[in-house]
Amino acid sequence: MRALVIALVGLSVLMAGCSSYRRPPAAFHDVLTQPYRLDSGDRVRIAVYGQQELSTTYTIDQGGTLSMPLIGDVSARGKTTLQLEKILEARLSRGFLRDPDVSVEVDQYRPFFIMGEVQNAGQYPYVAGLTAQTAVAIAGGFTPRAQQADIDVTRQIEGKIMTGRVPLSDPLRPGDTVYVRERLF
């Protein structure tokens, strides 16, 4: 009888740990198919046709802005590269250039972060096509105590922080935080 009670208590504790898991909302995966949105830490290459002194690489600062000669600070957070091109063209055409032609492309994405049961937790540069499994490999692989079936990913979507448990094959986005949990047994 005592063994049965201990087993039931153990099972209820195990089930309580599992009950905190919720599938990520649809927006968590929908963002993967949408155009990339710029944020702090991204570095963009801006080319203004015929204006070599304005054509260079800019880093988006903590406030989500980039500072460009002639027009000053420009809000870039949450914008696509196409939206930023249009904003820059509009600002440059206000008394600085006649019919400016601007091109914006991401030069370097903001880093991703990985913590928990990996050999070398930390911040790493994002590379296109990064999956959760690749992120673990970049961080030196799992520790012997790691839960290897799935991982938790925290990402910012439209100003909201969301966390979801995903398989290792799931793609990551720049700025994501990956957490590898410790297994129970």
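The values are calculated or read from the model by the stated rules, or taken from the named source; none is laboratory data. It should be emphasised that the depicted structure is a prediction, and the values quoted were computed from it without experimental measurement. Glycine gets a Cβ as well: all are built from the backbone with ideal geometry, and neighbour counts include every protein chain shown.
Structure above, values below:
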| read-out | value |
| --- | --- |
| Residue among 177, 134, 163 that is buried (at least 17 other Cβ atoms within 10 Å of the Cβ) and either in contact with a strand residue (DSSP E or B) (Cβ under 8 Å, 6 or more places away or on another chain) or more than 30 Å from residue 56 (Cα to Cα) (or both) | 177 |
| Considering residues of segment 140-158 that are part of a loop (DSSP other than H, G, I, E, B) and without any contact (Cβ under 8 Å) to a residue 60 or more places away in the chain only, the residue surrounded by the most Cβ atoms within 10 Å (Cβ to Cβ) | 147 |
| Any hit, segment 8-28, residues being at pLDDT below 90, in a loop (DSSP other than H, G, I, E, B) and in contact with a Gly (Cβ under 6 Å, 6 or more places away or on another chain) | yes |
| Segment 159-185: number of residues that are assigned to a loop (DSSP other than H, G, I, E, B) and over 23 Å from residue 40 (Cβ atoms) | 7 |
| Restricting segment 41-64 to residues that are touching a Gly at 6+ places or on another chain (Cβ under 8 Å) and not aliphatic (A, V, I, L, M), the residue that is farthest from residue 92 (Cα to Cα) | 41 |
| Selection status of residue 104, closer than 30 Å to residue 54 by Cα, within 12 Å of the chain's Cα centre (by Cα) and β-branched (Val, Ile, Thr) | no |
| Those residues of segment 29-48 which are over 30 Å from residue 150 (Cα atoms) and either of a type in the set (Lys, Arg) or modelled with pLDDT under 95 (or both), in sequence order | 43, 45 |
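Table: residues versus (1) under 30 Å from residue 148 (Cα atoms); (2) in a helix (DSSP H, G or I); (3) in contact (Cβ under 8 Å) with a residue 24 or more places away in the chain.
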site	(1), (2), (3)
86	no, yes, no
97	no, no, yes
100	no, no, yes
106	no, no, yes
115	yes, no, yes
120	yes, no, no
133	yes, yes, yes
